[in-house]
Structure formats: structure tokens, C-alpha cells
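Here's the structure we're looking at; comments come further down.
The values are calculated or read from the model by the stated rules, or taken from the named source; none is laboratory data. Keep in mind the model is a prediction, meaning the values are calculated, not measured. A quick note on method: Cβ atoms are made from the backbone with ideal geometry, for glycine too, and the neighbour counts reach across all protein chains shown. The accessibility values were calculated without ligands, DNA or RNA, using every heavy atom of the protein model including side chains. Shrake-Rupley method; radii C 1.70, N 1.55, O 1.52, S 1.80 Å.
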Amino acid sequence: MNTDEHEHVIEVTDLRRVYGGGFEAVRGISFSVARGEVFALLGTNGAGKTSTVELLEGLARPTGGRIRVLGHDPYTERAAVRPRTGVMLQEGGFPSELTVGETARMWAGCVSGARPPLEVLELVGLARRTGVRVKQLSGGERRRLDLALALLGDPEVLFLDEPTTGLDAEGRRDTWELVRALRDRGTTVLLTTHYLEEAEDLAGRLAILHEGRIAVTGTPAEVTAAQPARISFELPDGYFLGDLPALAELGVCGHEVDGNTVRLRTRELQRAATGLLVWAERAGVELRRLDVRSASLEEAFLGIAAREEVSA
């Protein structure tokens, strides 16, 4: 890899995409991805993830803004970018009558400096399925084939659009291990996924899109830290919410009561949990069904979507 290339191999500035009829799918987003980084684009359906990835892949011209992949415009300088990138679309659309091996060999003929087809089929666990027709593959096996063909050119930048959709738990974990190995070799990976656990496990940084805009970006820890932690429990018999210590003094920023169940939200989890447990010990009562947990990426995702809907 050239030493004079930018540290950020993907640079997006004020990117916009408007479809016929005036629908604005991408509304001025900016982000960058460093070499050897796994970056995840998350978002609700229709948030603009696929529209953004198609622009990064050079499949369409942006309505506005600027994209650079490996220092080049992926649409106008496609010849300089395409040989160095790998693309895994949501659906490969390969001829159903060809076998797995024939498909891989056909695709290798279209790729500059292609790796041996059997080598990439082994990477994704399809080496024993080379003689099987594409139409006979399961949905998960087709996703494995899509990934194998994206890896044929040994890409510097890899775009993965919903890479583990249709895979079982073992297949998903195998794919994660492969993505980590690619990252460790210096491959830059940009992925979209509906699986928040996948983004949390793989991505060094992520961005959550909502209605064509980036609602938040950062490391998974930074994104989840912006959301409050939760404590829930059942009130002891004969006790009411007012019998608890002053919630504000415990660092509680919100609460709900549903029958006998209390749910607290706090940004000071240790302080709140300790205060409740000390109170219960002194009162000689048990906090039944006690559940104490930090915020998850799922809660951050749902919180952002809900907040954006309220402000819309």
C-alpha cells in the first residue's frame, strides 16, 4: 500500500442523494473511515444506509457533497478505485444454473489480480460446495458466496451491505472472525447491518442514520454512554415509591412505576444501585426481581429513533 495515501481511506463531506420526485434519501452527512478500521452504518429502514453505500461504491453520482475513497472520486474515477475495493451487495443476483465453483471462476475473470477461487471459497466455508448449483444453495450459503466473491480481488477497502442476513448463529460468528482477520491485515471495512450486536462486536466506530441524517457517531462505548442505565425491581410489600431514598440524591434522572414494579433511569449507575441496596439492607427488605444494567447499543438506537420522531 502506498505510504503517501491519506490516513482516512474513506472521506464523506456533506453528502446528499435525491431521487426522482424530490425524495431526499441522504441529507448532508459527513464522516471518515481510517485505514484498517471497521466502521458500521446503522439506521432504521429507509434511513439512507444503502443509498449512502451505493454512492461510496461509485454506483451512482451524488446529488451534492464530496466523496473520496482511497483519495479518488469513486464515480468519476471508478477505474482507479474499483480494482482496490470489494463489494458485497444485499443480493448478488448470480446465475442460478452455474455451480459455486463456476460462479467463482467467472467472477475471478472480471477481477484484477484475483486470488485463487478455491482459496476464497475455503475462507467462507464453501469449499465442499463447489459442484452445487447456486439455485440449490440455502440463503445463508448464498450470502457466503457473495462474501467470497467480494474478497476475490484481495481488496484494500471492503463494503459489506447486511453481510450476515440469513446466516445461522455459527455462520454469523464465522463471518465475524473473518472480518476481524481482514481488519488485522489492514483492510478497511464499511458495513451496514440490522444486527446491533454485530456492530457492537466488530466496529471500532459507528454512525446511526435516521431519515437521511447522522443522529450520532462515535465508538460503540461512546454511543451507549450517552444513554442512561436502568434499574428495575419490585417494591417490598407495604412500601411505596415515596418510601425510597430521594431519587434525585441517588442520581436518578427518570422513573416509571407499573403496578408494583419500579424502573429507574440513571447516568450514575453505581451510585444509584449502591444507595438502593444500602436502603434495603437498613430497612431489612428484599428488592425482588432486581435488574441492574448499563445502556445497550439497542437502547441507544431506539432512543435516537424515538427522539427524532418526537422532534420531527
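A few notes on this one:
- Fraction of accessible area attributable to carbon and sulfur, the chain (%, probe 1.4 Å): 47
- Here region 1-115 yields Rg over Rh of 1.00, to two decimals, using C-alpha coordinates and the Kirkwood radius.
- Among Thr217, Leu70, Ala273 the positive-end extreme of the charge dipole of the chain (Cβ point charges): Leu70
- Crossing angle, helix 269-283 versus the chain [Cα axis fit, 0-90 degrees, rounded to tens]: 30
- The long axis of helix 169-184 is offset from the longest Cα principal axis of the chain by roughly 70 degrees.
- Tyr239/Leu302 FRET efficiency (R0 25 Å; Cβ-Cβ; nearest 0.05): 0.20
- The chain - share of DSSP beta bridges that are antiparallel (%, nearest 5): 65
- Label sites at Ala60 and Glu122, each approximated as a point 7 angstrom past Cα along Cα to Cβ, lie 4.0 nm apart.
- Put a plus charge on the Cβ of each Lys and Arg, a minus charge on the Cβ of each Asp and Glu, and nothing anywhere else: the dipole of the chain about its Cα centre is then about 640 debye.
- Fluctuation leader among Pro62, Pro245, Pro83 - the chain, Gaussian network, Cα springs under 10 angstrom: Pro245
- FRET efficiency for the pair Trp279 and Arg180, taken as 1/(1 + (r/R0)^6) with r the Cβ-Cβ distance and R0 = 45 Å, rounds to 0.50.
- Placing a label point 7 Å from the Cα of Glu91 along the Cα-to-Cβ direction, the residues of region 135-179 whose backbone N falls under 17 Å from that point are 135-147, 161-167.
- Take every pair of alpha-carbon atoms less than 8 Å apart whose residues are at least six positions apart; their mean separation over the length of the chain yields a relative contact order of 18 percent.
- Treating each Cα of region 218-312 as one equal point scatterer and applying the Debye formula with no solvent, the log10 of I(q)/I(0) at q = 0.14, 0.15, 0.21 Å⁻¹ comes out as -0.56, -0.63, -1.04.
- Residue-averaged [θ]222 nm for the chain, counting only DSSP H segments that reach four residues, each worth -39500 (n - 2.57): -9500 deg cm²/dmol
- Probe 1.4 Å, all protein chains present, accessible-area order of Trp107, Trp176, largest first: Trp107, Trp176
- Degrees, to the nearest 10: 297-311 long Cα axis against longest axis of the chain: 80
- Identified option (computed mean projected area of the Cα convex hull in nm²; candidates (1) 15.5; (2) 20.6; (3) 14.2): (2)
- A Gaussian network model of the chain, with springs between Cα atoms under 10 Å, assigns the largest mean-square fluctuation among Gly153, Gly43, Gly218 to Gly218.
- Thr130, Thr175, reordered so the largest accessible area comes first (probe 1.4 Å): Thr130, Thr175
- Of the residues Pro116, Val100, Val18, the one whose Cα sits farthest towards the positive end of the charge dipole of region 1-142 is Val100 (charges of +1 on Lys and Arg Cβ, -1 on Asp and Glu Cβ, taken about the Cα centre).
- Most tightly packed first, judged by the mean number of other beta-carbon atoms within 10 Å of their residues, the peptides 112-121, 233-242, 208-217 read 208-217, 112-121, 233-242.
- FRET efficiency, Thr219 to His194 (Cβ-Cβ, R0 25 Å, nearest 0.05): 0.80
- About its Cα centre, region 3-73 has a charge dipole of approximately 340 debye under the convention of +1 per Lys or Arg Cβ and -1 per Asp or Glu Cβ, with nothing else charged.
- Charging the Cβ of each Asp and Glu at -1 and of each Lys and Arg at +1, and nothing else, the dipole of region 136-234 about its Cα centre rounds to 180 debye.
- Accessible surface ranking that places the most exposed of Lys49, Lys135 first, with a 1.4 angstrom probe: Lys135, Lys49
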